[in-house]
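Notes follow once the structure below has been shown.
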Amino acid sequence: MKSKKISKILVDNMLYICLLLMIVVITIISPSFLSVRVLSDVLIQSAPKILLAMGMLVVIVAGGMDMTVGRLAGLGAVVSGTLAQQATYYLKFWPSLPELPLIVPILVSLLVGMISGAITGMIISKLKVPAFLAGLGLQLIIYGGTLLFLKKEPNNSQPLAGYREDFMKFGTGSFMGINYLIIVAFIVMIIVFVILNMTTLGKNIYATGGNREAAKVAGINVFKIDMFVYMLSGALASLAGLMLAARTGSANATYAEGYEMDAIASCIIGGASFTGGIGNVPGAFLGVLIFSVISYGLTFVGLSSYWQNIAKGLIIIVAVALDMRKYSSQN
């Protein structure tokens, strides 16, 4: 009986144990890893991925999947970047456009993401195209469209650069010692947590993911739920792209390539279920943090980046296996 109790505790807290073990091992190899500066760097690198994971979490809880978020983040980086260039930059994307307030590229990137999310939701909900296949098709369209957009004169497919100081400061500056990107990421997490746990909308999202037909019978408008979750995911993905552009000082169509897989994996190892109706914000956040610690930590100790993929793959397999065992034991 006692061994079963210990086993249950280990399974229920496997995420925390994995994260702690990784930090301990990396710190033993390189003690300077355990510092405020490194923690800050990890969180800054994690910030855009946190936004992607929060959007993906809401979609997965509703019983869907958004494969467009990686390419959409790239589009968000490009679109916001074209609106944040200095007037004197020699390759200014819009030569006759005056310098605009920071809020303009932010709002435009959010709008682009919401429009894309609405299209995704319509295709999946109304045309009944499976979410995975719809996402694969749309990500190709978004990527091709971004490449065509960047090809415009005088840019000629060059990476965007020459950003204004306020835009760059958004990605690198801080408030009371905390980077702006970290602040935005935590605000988004709080908003998503409130939506999922403290509103009728959140209850309806869980109900839709748990049993779509039963949700319809209960009077829930599942089409509106689909539209909301995909529009939210799209908006957060596009904003994540803007954050990447502001942090790195550049942007191109390949930004955030493959990030959709990291977002999905972060949610799944954080306890979300592909079947829908299950998932939470703290778990998704820990999932992002685990992958960020792997990426940053292995590089920090001088190991080849190839090991990152192996470590990520093993963690995903183990986490999903443990998760399946946990839920099967509950049933």
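Readers should treat all values here as calculations from the given coordinates under stated rules, not as data from a laboratory. In this text the structure is predicted, and so the values were computed from the model without any measurement. So basically every Cβ, Gly included, is an ideal-geometry build from the backbone, and we count neighbours across all protein chains shown.
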*Of all the stretches in the chain, which is the longest one without any exposed loop site, taking trypsin sites (Lys or Arg not before Pro) in a DSSP loop (any state but H, G, I, E, B) with at most 12 other Cβ atoms within 10 Å?*
153-331
*Which percent of Cα-Cα pairs in region 131-269 sits in each 5 Å bin, short to long?*
2, 8, 13, 17, 17, 15, 12, 8, 5, 3, 1, 0
*FRET efficiency, 1/(1 + (r/R0)^6) with R0 22 Å, evaluated for residue 314 and residue 29 via beta carbons*: 0.75
*Apply the Kirkwood formula to region 22-90: the hydrodynamic radius equals the inverse of the mean of 1/r over all pairs of different alpha-carbon atoms; give it in Å with one decimal.*
15.4
*What value, in deg cm²/dmol to 500, does the helix sum -39500 (n - 2.57) over DSSP H runs of n ≥ 4 give at 222 nm once divided by the residues of the chain?*
-24000 deg cm²/dmol
_Using 22 Å as the Cα-Cα cut-off, could you pick out the over-long pairs in 126/224; 92/169; 49/126; 49/224; 128/224?_
49/126; 49/224
*Would you compute, for the Cα atoms of region 172-216, the largest minus smallest coordinate along each principal axis and list the three values in descending order, in whole Å?*
48, 17, 10
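Assuming 0.36 nm per residue, please report the length gained on full extension of the stretch residue 305 to residue 152 beyond their Cα-Cα distance. Please list the in-between numbers first.
On the way: separation 153, 0.36 × 153 = 55.08 nm, distance 3.48 nm.
That works out to 51.6 nm of additional length.
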*asked:* Given the options 174, 56, 199, identify the residue whose Cα lies farthest towards the positive end of the charge dipole of the chain (+1 on Cβ of Lys, Arg; -1 on Cβ of Asp, Glu).
replied: 199
*asked:* If packing is taken as the average number of other Cβ atoms within 10 Å across a peptide's residues, how do 112-121, 154-163, 138-147 rank, most packed first?
replied: 112-121, 138-147, 154-163
*How big is Rg to Rh over region 18-330, alpha-carbon atoms, Rh as the Kirkwood inverse-mean-distance radius?*
0.98
*How would you order 273-283, 173-183 from highest to lowest mean count of nearby Cβ atoms within 10 Å?*
273-283, 173-183
